[in-house]
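What follows is a single structure, written as structure tokens, with notes after it.
The values are calculated or read from the model by the stated rules, or taken from the named source; none is laboratory data. It should be emphasised that the depicted structure is a prediction, and the values quoted were computed from it without experimental measurement. Cβ atoms come from the backbone with ideal geometry, glycine included; neighbour counts cover every protein chain shown.
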Amino acid sequence: MTKTPRKPTPGPIELMVLDKSRRRCALCFHVSGDLTEKLGQIAHLDQNRANFAEDNLAFLCMSHHSLYDSKTSQHKNYTIAEVKKARDRLYEAIEQGLHIQEARKTYVGFDDDRVTLQAIIDAMGGQTMTFLREFDFGNTFPISNLEGLKVVVLDRCHAEHEFVDRELEALRKKLVETGRRLLNLIVTYTFPLQNNSSGWVKIPDEWEENDHHRFFKIIAEMNDAANGVCAAYGDLVRAGRSKLAR
């Protein structure tokens, strides 16, 4: 069945759901008692995206929202009744302040995750991120400006550099994925300047003359990839600081 087009949740209704849930996922709480704040969405439980009745809405993390909406024969999906019960139990826990108690706890691996986050910030948070936020890839640039990104994407891709927290690890993988896309574009389409030994590279100028459309399409792809890295880095840092603050 084709889903009805998604309409924005009316402001007062959205605020009500966010306030009652405190951005805690009903199914994370239901499955594992997890009361930590999540990146998520307001789900329409009957999958009618025009039905904004309070009883039809629940805040779910991205993973559980996708799983709830999926149609698969590989496993028994969550039922609408199950999610509603989970939501109601979550609201009761929030009213009792259990989410505040949970927020004061530190999980196993908390200190390791603080170190992991700081290592990413140290590698990328200075020159690399300033460059990616401001640069237009139609110009010449020193490849050394991407050293921090290469460290995070290429050098720290093994298990010892992963987060213990699943949400932070998912965000780190997103950063690696977007960073790898940008680096692949740079390796494919930029070349060292002639008689240049200092590591400056550029998309060849003759490409603009020979194929104007292709030249600017490549620049747009690189700029879009850089924006993706900036967004992924920002999501990770904000979530990390929220989760790992003492």
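One residue alone among VAL164, VAL152 is touching a helix residue (DSSP H, G or I) at 6+ places or on another chain (Cβ under 8 Å), under 20 Å from GLY234 (Cα atoms) and surrounded by 20 or more Cβ atoms within 10 Å (Cβ to Cβ), and that residue is VAL152.
The combined condition, being buried (at least 18 other Cβ atoms within 10 Å of the Cβ), at pLDDT 90 or above and outside any helix (DSSP H, G or I), is not fulfilled by ALA86.
Being touching a Pro at 6+ places or on another chain (Cβ under 9 Å), farther than 21 Å from CYS61 by Cβ and aliphatic (A, V, I, L, M) narrows it down to one of VAL201, VAL153, so name that one. Explain how you work it out, then say what you get.
Details: VAL153 fails: touching a Pro at 6+ places or on another chain (Cβ under 9 Å).
So the residue among VAL201, VAL153 that is touching a Pro at 6+ places or on another chain (Cβ under 9 Å), farther than 21 Å from CYS61 by Cβ and aliphatic (A, V, I, L, M) is VAL201.
Hey, could you check region 25-38 for residues that are modelled with pLDDT of 90 or more and in contact with a helix residue (DSSP H, G or I) (Cβ under 6 Å, 6 or more places away or on another chain) and say which is surrounded by the most Cβ atoms within 10 Å (Cβ to Cβ)? For region 25-38, the residue satisfying everything is CYS25.
Could you list, in sequence order, the residues of region 161-213 that are of a type in the set (Ser, Thr, Tyr) and in contact with a Gly (Cβ under 9 Å, 6 or more places away or on another chain)? THR178 - this is the single residue of region 161-213 that is of a type in the set (Ser, Thr, Tyr) and in contact with a Gly (Cβ under 9 Å, 6 or more places away or on another chain). Note on region 34-61: among residues that are outside any loop (DSSP other than H, G, I, E, B) and in contact (Cβ under 8 Å) with a residue 40 or more places away in the chain, the one that is farthest from LYS85 (Cα to Cα) is GLU37. Checked against the criterion of being touching a strand residue (DSSP E or B) at 6+ places or on another chain (Cβ under 7 Å) and of a type in the set (Phe, Trp, Tyr), region 199-219 has at least one qualifying residue.
Please specify each residue of region 177-206 satisfying the condition of being buried (at least 16 other Cβ atoms within 10 Å of the Cβ) and without any contact (Cβ under 8 Å) to a residue 60 or more places away in the chain. The answer is THR178, GLY179, ARG180, ARG181, LEU182, LEU183, LEU185, ILE186, TYR189, THR190.
Scan region 14-56 residue by residue and report those that are closer than 16 Å to GLU92 by Cα and in contact with a Leu (Cβ under 7 Å, 6 or more places away or on another chain). If the condition is that a residue be closer than 16 Å to GLU92 by Cα and in contact with a Leu (Cβ under 7 Å, 6 or more places away or on another chain), then VAL17, SER21, ARG24, CYS25, ALA26, LEU27, PHE29, LEU35 are the ones that fit. Any residue at all in region 111-128 that is closer than 24 Å to CYS61 by Cβ, of a type in the set (Lys, Arg), assigned by TED's automatic domain parsing to the domain that holds GLY240 and touching a residue at least 60 places away in the same chain (Cβ under 8 Å)? The answer is yes, given that some residue of region 111-128 is closer than 24 Å to CYS61 by Cβ, of a type in the set (Lys, Arg), assigned by TED's automatic domain parsing to the domain that holds GLY240 and touching a residue at least 60 places away in the same chain (Cβ under 8 Å). For region 184-214, the candidate set comprises residues that are modelled with pLDDT of 95 or more and in contact with a helix residue (DSSP H, G or I) (Cβ under 6 Å, 6 or more places away or on another chain); within that set, the residue that is farthest from LEU132 (Cα to Cα) is TYR189. Identify the residue in region 138-176 that is in a helix (DSSP H, G or I) and free of Cβ contacts under 8 Å to residues at least 12 places away in the same chain and, among all such residues, is farthest from ASP205 (Cα to Cα). The selected residue is ARG166.
Annotation: HIS213 fulfils all but one of (1) touching a residue at least 40 places away in the same chain (Cβ under 8 Å); (2) more than 15 Å from the chain's Cα centre (by Cα); the unmet one is (1).
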